[in-house]
Amino acid sequence: MSELVFPEGFLWGAATSAYQVEGSPLADGAGVSNWHRFSHTPRMTHNGDTGDIACDHYRRWEQDLDLMAGLGLQSYRFSISWSRIFPDGTGRINQPGLDFYQRLVDGLLARGITPNATLYHWDLPAALDDRGGWLNPDVAHWFTEYATTVFRALDDRVPMWSTLNEPWVVMHAGYMAGEHAPGHRSTWEAPRVSHNLLRAHASAVRAYRAEGRGRIGLVVNLEPKYAASGRPEDVAAQARAEAYMNRQYLDPVFLGRYPDELRDLLGEAWPAHADEEAEAESLREPIDWLGINYYTRAVTRDEPGDLPVREGRVRQERHTHTEMGWEVYPPALTDVLVWVRDRYGDVPLYITENGAAFYDPPVAEEDVVEDPLRVAYYRDHLRAVREAIRRGVDVRGYYAWSLLDNFEWSAGYAKRFGLVHVDHQTQRRTPKRSARFYADVIRGNGAALGPG
Ligand code: GBH
């Protein structure tokens, strides 16, 4: 490739997820999801915000597809709501739920936009939560039933699939830290949840080999860990943090084993995990692509007693932080892509999420929201992706997070990640400067990033 542009065929897109944008969670026969229930539980989200309306995408999807086409997006990564299709989690299929995604996919194809569908982006049917959710070993079977139904309905038009979005967050935020549905805080549950997530993933991939003709993968959140010093204690802390977040899922998927460090991390909860450890080899199931969600890095030091719920993270005061409090550190994106290639080999990689929440000024007369920090964030991270490609890493595409300002889970509507501003009172959409910048980048296949 020439100096500035990305390889031919590099796929440029943006991402959202069902509960964060759709709204109308109970429309047309849909069942209650864990997130509907969680967000309606007092004090679980900022301001008591819920996904009842969100971006009203369930009703405004056509307008949103036109918005995507206007930006020149080549692909759209969205997720499917399990409880729209199986209101009870298993058994009875709700056809209107499937119809929504059929219309969405047809609308994408009509505009020349490649659909990339995620089966699970954190909204579990509440009926399954009542049966233990990700703690119940049957979840692998429930998930495969759901996945197979969706493959049969959409695989003739959807060439790219992923099973789970960020299993680490499902486990950590949902069952360890209590910040996401179902809000548990249990070191004992965590390894069982991880294992069931991986079993469900592997089982759905096997089902796809029988049913599907496209490509299926997994999406993980990766956050490179750097030791705060060369002290052996800090180096060991780095290894634990890396094992917990970055290797806990990828080692089983690619190498067929759990990282040894989990033993130190989970202490007494780990022996209970012996059966799972013995089964790890069966989790190794070849995938066609790997999705990486990258937002920040961590500098870690040894802090006894703090693990595993919080690693000893050292805040880098001299660097910019986003509204989420996450350090902006683009070189780590290059590092993590090189790390994945070196550790796990040459699987096609996609950045399935990357972006930032910053404070946005009110919508001005000129119909554009000025968001210089977000423009810089995208520019610098896309340069970091380009650098990884220069170093020979097989990165095939990039999805900005997110198309729209949306329901940021427990942070509600207070944090804005969109390329497009959404007024949550009127549902008016206004492209930000970053949307225009990203459209320019796409048009020139990266040339607008300039050197660097
Ligand atoms: C993604 O997860 C989600 O897939 C998406 O739905 C969400 O809207 C988006 O990010 C923005 O939040 O607090 O300093 O310890 C994000 C995964 C994992 C990224 C934890 C930040 C913690 C940094 N996150 N990580 S810190």
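Each value in this text was obtained by applying a stated rule to the coordinates, not by laboratory testing. Note that the coordinates shown come from a computational prediction; the quantities given were computed from them, not determined experimentally. As a convention, Cβ positions derive from the backbone with ideal geometry for all residues, glycine included, and neighbour counts pool all protein chains shown.
The value of relative contact order for the stretch 184-332, using C-alpha pairs under 8 Å at least six residues apart, is 29 percent. Mean sequence separation of contacting Cα pairs (under 8 Å, at least six apart), scaled by the length of the chain, corresponds to a relative contact order of 18 percent.
The smallest convex shape that holds all Cα atoms of the stretch 241-320, its convex hull, gives 99 Å³ per residue. Our helix-only sum for the chain, with -39,500 (n - 2.57) per DSSP H run of n ≥ 4 divided by its residues, gives a mean residue ellipticity at 222 nm of -10500 deg cm²/dmol.
Computed across the stretch 281-373, the Kirkwood radius stands at 16.6 Å (inverse of mean 1/r, all Cα pairs). Taking one quarter of the surface of the convex hull spanned by the alpha-carbon atoms of the chain gives a direction-averaged projected area of 20.2 nm². In plain terms, if you count all Cα to Cα distances in the stretch 226-277 and split them into 5 Å steps from zero, the share in each step is 4, 22, 25, 23, 15, 8, 3, 0 percent.
Report the per residue volume, in Å³, of the convex hull enclosing the C-alpha atoms of the stretch 1-101.
Here the figure is 146 Å³ per residue.
Its relative contact order, with pairs defined as Cα atoms under 8 Å and 6+ residues apart, puts the stretch 105-186 at 34 percent. Dipole size of the chain about its Cα centre, with +1 on Lys/Arg Cβ and -1 on Asp/Glu Cβ: approximately 660 debye, rounded to the nearest 20. Rg then Dmax, both in Å and based on the Cα atoms of the stretch 236-392: 18.6, 62. In sequence order, the stretch 54-63 has phi-based couplings of 6, 9, 6, 5, 4, 9, 9, 4, 5, 4 Hz under the Karplus curve 6.51 cos²θ - 1.76 cosθ + 1.60, θ = phi - 60°, and Gly or Pro positions carry x. In a simple Cβ point-charge model (Lys, Arg +1; Asp, Glu -1; nothing else charged), the stretch 67-213 has a dipole of about 340 debye relative to its Cα centre.
Size estimate for the stretch 163-287 follows the Kirkwood approach: the inverse of mean 1/r over distinct Cα pairs works out to 15.2 Å.
Per-residue counts of other Cβ atoms within 10 Å, averaged by peptide: what ranking do you get for 426-432, 385-391, 273-279, highest first?
Listed from highest to lowest mean packing, they are 385-391, 426-432, 273-279.
Counted over the chain, the DSSP beta bridges are approximately 15% antiparallel.
Ranking Ala243, Gly312, Val21 by Cα position along the charge dipole of the chain, where only Lys, Arg, Asp and Glu carry charges on their C-beta atoms, puts Val21 farthest toward the positive end.
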